[in-house]
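The values are calculated or read from the model by the stated rules, or taken from the named source; none is laboratory data. The shown structure was predicted, so the numbers you read here are calculated from the model rather than taken from an experiment. Counting neighbours? That spans all protein chains shown, and the Cβs are built from the backbone with ideal geometry, glycine included. All accessible areas refer to the heavy atoms of the entire protein, side chains included, with ligands and DNA or RNA removed. Shrake-Rupley method; radii C 1.70, N 1.55, O 1.52, S 1.80 Å.
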Amino acid sequence: MKRLILFPLLVLLAGCSGGAYLSPSTAAVLSSIAIDPATSSVAAGLTVAYTATGTFSDGTTQDVTSQASWSSSSTAVATVSSSGVATAVAPGTSTIKASLGSISGNSSLTVTPAPTGTLVSISVAPATASIAVGAKQQFTATGNYSDGTTQNLTSSVTWSSSSTSIATINRSGLARAKAAGTSTMSAALGSITGSSTLTVTAQSTGTLVSIAVTPATA
């Protein structure tokens, strides 16, 4: 009787020995990993905070940033920490990889020369935004330097929301509206901070009938 009970268990363990990563919540098998941002370009000395999202065999998705093993194809160009934060070292291109078992996802990171000026301010766009509950809003951060140059810092700043019960914002500046109200979206790099106001309105109970694009002609 003991042999009959143990045999199926041994077969199950053997089937999982190929390095497949199982979702803790559904026991589905990981089928792919997507890294956000998929491509990025930053100046030497700056950082890029990556997020890894796993898609499982049952169609569910899960943030696997902290579970993944991170690597850089060229550490002379960029290094990457165990939490998915890459540091730009020198001009060039490197592939940033997140792996779980035999499944991996890639992102291309281009490092440009370091700016010659000093960061004096950060502009967040859009400066104001209004979306309905359940919708998303992408914010971008631009660094303004003392020599008159600008730099896209969207992937390098630390994003935060003044009220996470109203809206949250991820590492890439993508905000998700949760409840009606107003929240300030902030982008910080060192002691320099820029912000934007996000207003979340109640979700519409009607049906979408048309979409207007402005300007109508350009």
Quick check on my filter: what residues within segment 61-79 are of a type outside the set (S, T, N, Q), in a loop (DSSP other than H, G, I, E, B) and free of Cβ contacts under 8 Å to residues at least 24 places away in the same chain? Ala76
Out of everything in segment 80-110 that is in a loop (DSSP other than H, G, I, E, B) and closer than 23 Å to Ser191 by Cα, what residue ends up being least open to solvent (accessible area, probe 1.4 Å)? Gly84
Selection within segment 26-60 - among the polar types (S, T, N, Q) and either assigned to a loop (DSSP other than H, G, I, E, B) or under 14 Å from Ile103 (Cα atoms) (or both): Thr26, Ser31, Ser32, Thr53, Thr55, Ser57, Thr60
Only residues in segment 190-216 that are under 20 Å from Gln138 (Cα atoms) count as the first member; pair them with residues that are modelled with pLDDT of 95 or more and among the charged types (D, E, K, R), Cβ under 8 angstrom, at least 6 apart or cross-chain, and list the lot. Val200/Lys178
Find all pairs meeting these conditions: Cβ atoms under 6 angstrom apart; at least six residues apart or on different chains; first residue within segment 110-122 and closer than 10 Å to Ser146 by Cα and aliphatic (A, V, I, L, M); second residue modelled with pLDDT of 95 or more and open to solvent by less than 50 Å² (accessible area, probe 1.4 Å). Leu119/Gly143; Leu119/Tyr145; Leu119/Ile192; Val120/Asn144
Condition first: within 22 Å of Val157 (Cα to Cα) and either touching a residue at least 40 places away in the same chain (Cβ under 8 Å) or among the small types (Gly, Ala, Ser) (or both). Now tell me which residues in segment 175-189 satisfy that. Ala175, Arg176, Ala177, Ser183, Met185, Ser186, Ala187, Ala188, Leu189
Filter segment 156-202 down to the residues that are part of a loop (DSSP other than H, G, I, E, B) and either touching a Cys at 6+ places or on another chain (Cβ under 7 Å) or not hydrophobic (A, V, I, L, M, F, W, C) (or both) and list them by number. Ser156, Ser162, Ser163, Thr164, Ser165, Asn170, Arg171, Ser172, Gly173, Lys178, Gly190, Ser191
When you check Ser195 against the structure, is it closer than 12 Å to Thr128 by Cα and at pLDDT 95 or above, yes or no? yes
Scan of segment 111-128 for residues that are in contact with a Phe, Trp or Tyr (Cβ under 7 Å, 6 or more places away or on another chain), open to solvent by less than 40 Å² (accessible area, probe 1.4 Å) and not in a loop (DSSP other than H, G, I, E, B), ordered by number: Leu119, Val124
Quick check on my filter: what residues within segment 165-191 are open to solvent by 30 Å² or more (accessible area, probe 1.4 Å) and farther than 20 Å from Ser40 by Cβ? Ser165, Thr168, Arg176, Lys178, Ala179, Ala180, Thr182, Thr184, Ser191
Quick check on my filter: what residues within segment 192-210 are open to solvent by less than 80 Å² (accessible area, probe 1.4 Å), farther than 25 Å from Asp36 by Cβ and of a type in the set (A, V, I, L, M, F, W, C)? Ala202
Does segment 145-154 include one or more residues that are open to solvent by less than 40 Å² (accessible area, probe 1.4 Å), among the hydrophobic types (A, V, I, L, M, F, W, C) and not in a loop (DSSP other than H, G, I, E, B)? no
